[in-house]
Amino acid sequence: TDLKEVKKEIDFMNDAVTAGLIQSAHDISEGGIAVSIGEMCMGSRGDGSIGAEIMLDKIPANKIRAEHKLFSENGGFICEITPGNEKKVISIAKKHKLKIHSIGKTIKISKLLFYNKDEKIIDLGLEEAAKAWLNGLRDKL
């Protein structure tokens, strides 16, 4: 891990949150972006109802396979930006010499939808995801 890059990311997050531009955020660590976005949508108790539609082809590194984009634990943050504030967030990112990428949006249906180009590769209801997340091991025993 490049500690200088991590500092820039933390400073960016601090500035963007302090400015009221971030509605929600999650670090990309255990499980990669798929798990991070799933946890954001489900909430800490698994009762969330706001879904997400994610376009994996918007993530740089076109030569990386979809499953690597979904589950790589490479650091960084997933942020939900308050609508209308995208330009302000981009300005803060530039100040910190960071590149940010718009990879999707929240949706009113309770689903996690992931696309790789035009192909839907994940279509998962939040209730089903939350049940597996909250009770996965217990259901297997």
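The values are calculated or read from the model by the stated rules, or taken from the named source; none is laboratory data. Computed from a predicted structure; not experimentally measured. Note that each Cβ is placed from the backbone with ideal geometry, even for glycine, and that neighbours are counted across all protein chains shown. Keep in mind that these areas ignore ligands, DNA and RNA; they rest on the heavy atoms of the full protein, side chains included. Shrake-Rupley method; radii C 1.70, N 1.55, O 1.52, S 1.80 Å.
Each row is one residue, and each column tells you yes or no for (1) more than 21 Å from residue 121 (Cβ to Cβ); (2) open to solvent by less than 40 Å² (accessible area, probe 1.4 Å); (3) under 15 Å from the mean Cα position of the chain (by Cα).
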| site | (1), (2), (3) |
| --- | --- |
| 11 | yes, no, no |
| 16 | yes, yes, no |
| 31 | no, yes, yes |
| 45 | yes, no, no |
| 54 | no, yes, yes |
| 65 | no, no, no |
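This table checks each residue for (1) assigned to a helix (DSSP H, G or I); (2) touching a helix residue (DSSP H, G or I) at 6+ places or on another chain (Cβ under 6 Å); (3) under 16 Å from residue 13 (Cα atoms).
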residue: 34; (1), (2), (3): yes, yes, no
residue: 67; (1), (2), (3): yes, no, no
residue: 87; (1), (2), (3): yes, no, yes
residue: 94; (1), (2), (3): yes, no, yes
residue: 124; (1), (2), (3): no, no, no
residue: 130; (1), (2), (3): yes, yes, no
>> The conditions are (1) open to solvent by 100 Å² or more (accessible area, probe 1.4 Å); (2) within 16 Å of the chain's Cα centre (by Cα), and residue 88 fails exactly one of them. Which is it?
In response: (2)
> Could you list, in sequence order, the residues of the stretch 96-105 that are assigned to a strand (DSSP E or B) and open to solvent by less than 70 Å² (accessible area, probe 1.4 Å)?
Replying inline: 104
> Here are some conditions: (1) farther than 20 Å from residue 130 by Cβ; (2) assigned to a strand (DSSP E or B); (3) in contact with a Cys (Cβ under 8 Å, 6 or more places away or on another chain). Residue 52 meets all but one. Which one does it not meet?
Replying inline: (1)
> In the stretch 35-94, how many are on the phi > 0 side of the Ramachandran plot and free of Cβ contacts under 8 Å to residues at least 12 places away in the same chain?
Replying inline: 3
